[in-house]
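Report on one structure; see the data block that follows.
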Amino acid sequence: MKHGKKFNHLGVKSSHRKSMLSNLASSLIKKKRILTTLAKAKALKKYIEPLITKSKKNTTHSRRIIFKYLKNKHSVKELFEKISLKIYNRPGGYTRIIKTGFRLGDSAESSFIELVDFNQNF
């Protein structure tokens, strides 16, 4: 049954999942594009989209809320100074997932997740 299954648990404990998503989000903010598995990319998309929306309002309260999730002051600074200015007029859909095939070691479906406005190819 699917009772209480609102998000992907990613096969790890909750503390591990929270720290893993926090690290992935910080890496995405710093590098603008990361390679990961498809399941982690989908979980990260649900995790980071509300944070980017909150960053549009540059207040102390929103900075503190975002810092609670990211736990990295350099990522918070980058998010508010560079990313939020570039995506200010976008109503949503800040990230894009691109499937890249299967990983060699364990055949996990891998994909890129990137910030939409920072892609140079499109």
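Taking every protein chain into account, the 1.4 Å probe leaves residue 69 with about 90 Å² of accessible area, to the nearest ten. Seen against the Cα atoms of the chain and their longest principal axis, helix 60-70 is set at about 20 degrees. Legend: residue pairs 32/82; 18/40; 42/82; 5/71; 6/31; 13/73, Cα-Cα distance threshold 21 Å; pairs beyond threshold, 42/82; 5/71; 6/31; 13/73. A 1.4 Å probe, protein heavy atoms only, puts the accessible area of residue 20 near 30 Å². For the chain, the carbon plus sulfur part of the accessible surface works out to 55%, probe radius 1.4 Å.
Over the chain, what is the relative contact order in percent, taking alpha-carbon pairs closer than 8 angstrom and at least six residues apart?
On the way: 129 pairs, mean separation 37.0, N = 122.
About 30 percent, as a whole number.
Only one of (i) 13, 43, 33, 11, 1; (ii) 14, 50, 34, 3; (iii) 12, 33, 24, 21, 9, 1 was calculated from the structure for P(r) over Cα pairs in 10 Å bins from 0, in percent, and its label is (i).
Rounded, prolate or oblate for region 47-92? Axes are the square roots of the Cα gyration tensor eigenvalues, ordered a ≥ b ≥ c, and the cut-off for rounded is a/c under 1.5. List each step's numbers first, then the result.
Values: a/c = 1.63, a/b = 1.47, b/c = 1.11.
It comes out prolate by the Cα gyration axes.
With a simple spin-label model that places each label point 7 Å from the Cα along the Cα-to-Cβ direction, the separation between residue 82 and residue 35 comes to 2.1 nm.
If you take all other residues with their beta carbon under 12 Å from the beta carbon of residue 27, and give Lys and Arg +1 and Asp and Glu -1, the sum is +3. Once all protein chains are placed together, residue 42 keeps about 120 Å² accessible to a 1.4 angstrom probe.
With every protein chain kept in the model, how would you rank 64, 96 by accessible area, 1.4 Å probe, largest at the top? Mind showing how you got there, number by number?
Details: 64 175, 96 65 Å².
Solvent-accessible surface, decreasing: 64, 96.
Full extension of the segment from residue 7 to residue 108, taken as 0.36 nm per residue of separation minus the current Cα-Cα distance, would add 34.5 nm.
The values are calculated or read from the model by the stated rules, or taken from the named source; none is laboratory data. Just so you know, these numbers come straight off a predicted model, no measurement behind them. Here Cβ is always computed from backbone atoms with ideal geometry, including for glycine, and neighbour counts include all displayed protein chains. The area values use the complete protein model at the heavy-atom level, side chains included, leaving out ligands, DNA and RNA. Shrake-Rupley method; radii C 1.70, N 1.55, O 1.52, S 1.80 Å.
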